[in-house]
Amino acid sequence: DIGYNWSGSIGDLTWYDTNGDGIQNEIPLLGAPNATVVLYGDTNGDGEYQSGEPILAVDETDANGAYLFDELPPGKYVVEVSEQEVPAPPGSPNAGQVGTMIATTGTSVGVDLAAGEDRTDVDWGFKEAAILEGTLFHDVNANGLLDGGEPGLPGNLTSPAGVLITLTGTDQNG
C-alpha cells in the first residue's frame, strides 16, 4: 500500500470592506461570517469555473470570516464565494440582514497550487449595497413626487437602453 499525505491548503478570510476599495485596510478589520465558499477542480485549467467541473469541497466562513480547504494535492482549482449569506455588518441600520452585501473583490479566484503550498491570500471583501424602497409610480405631472391619482407601476421596467429591470415586491399599486 502507498499512502498519500497531501499538505497543500487554500483559504483565509472574507471581510467587511466598508470603504469598498478591495483592500484589507479597515480598522478594525472585521471578518464577514456565513459566506459559502466552494472549491472546484479546474479540469480545463483556465482559472474559471465551467459547468461540469467537480465540486471538491464546500465550507462556510466562521464568525471571524475564516475558511480553509486543507490536505490538498497539487493542482488547479477554482474557489468561489457567495455573497447571499453574508449578513450586513454590525453598526449598519440593516445589521444582521442577509441579501444586502456585494463582493468588492470579485467572487471567483483561480489557484494553481504547488505541492505543499499554503495559499492564504484567497480573500474576499464585502460591502453593503444600496436598498431601494418606496413606491414605483408614473409621475404624470413630472414633479418628482407621488401625488394623489398618480398610478403605481407593478412588475418590470425597461430602461431607456432597452434593458429589462426586474422588480421584486411590487404589487399593482407599485
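The values are calculated or read from the model by the stated rules, or taken from the named source; none is laboratory data. Not measured: the values here are computed from a predicted model. Using ideal geometry, Cβ is built from the backbone for each residue, glycine included, and neighbour counts are taken over all protein chains shown. Remember, those area values only see protein heavy atoms, side chains included, never the ligands or the DNA or RNA. Shrake-Rupley method; radii C 1.70, N 1.55, O 1.52, S 1.80 Å.
Values computed for the structure shown
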| item | result |
| --- | --- |
| I23 versus V140: modelled label distance in nm, points set 7 Å from Cα along the beta carbon direction | 5.3 |
| Compactness of the range 1-79 as Cα Rg over 2.2 N^0.38 Å, two decimals | 1.31 |
| Most to least packed among 68-74, 46-52, 80-86, 144-150 [average Cβ atoms within 10 Å] | 80-86, 68-74, 46-52, 144-150 |
| Heavy-atom accessible area order for W15, W6, largest first, 1.4 Å probe | W6, W15 |
| Relative pair counts by distance (%), Cα atoms of the range 1-154, 10 Å bins | 11, 32, 24, 16, 10, 5, 2, 0, 0 |
| Estimated FRET transfer efficiency (T107, S7; beta-carbon r; R0 25 Å; 0.05) | 0.35 |
| Solvent exposure of the range 1-108 as accessible area per residue, Å², 1.4 Å probe | 54 |
| Cα-derived Rg to Rh of the range 70-144, Kirkwood definition | 1.25 |
| Portion, in percent, of the accessible area of the range 1-129 that falls on carbon or sulfur, probe 1.4 Å | 49 |
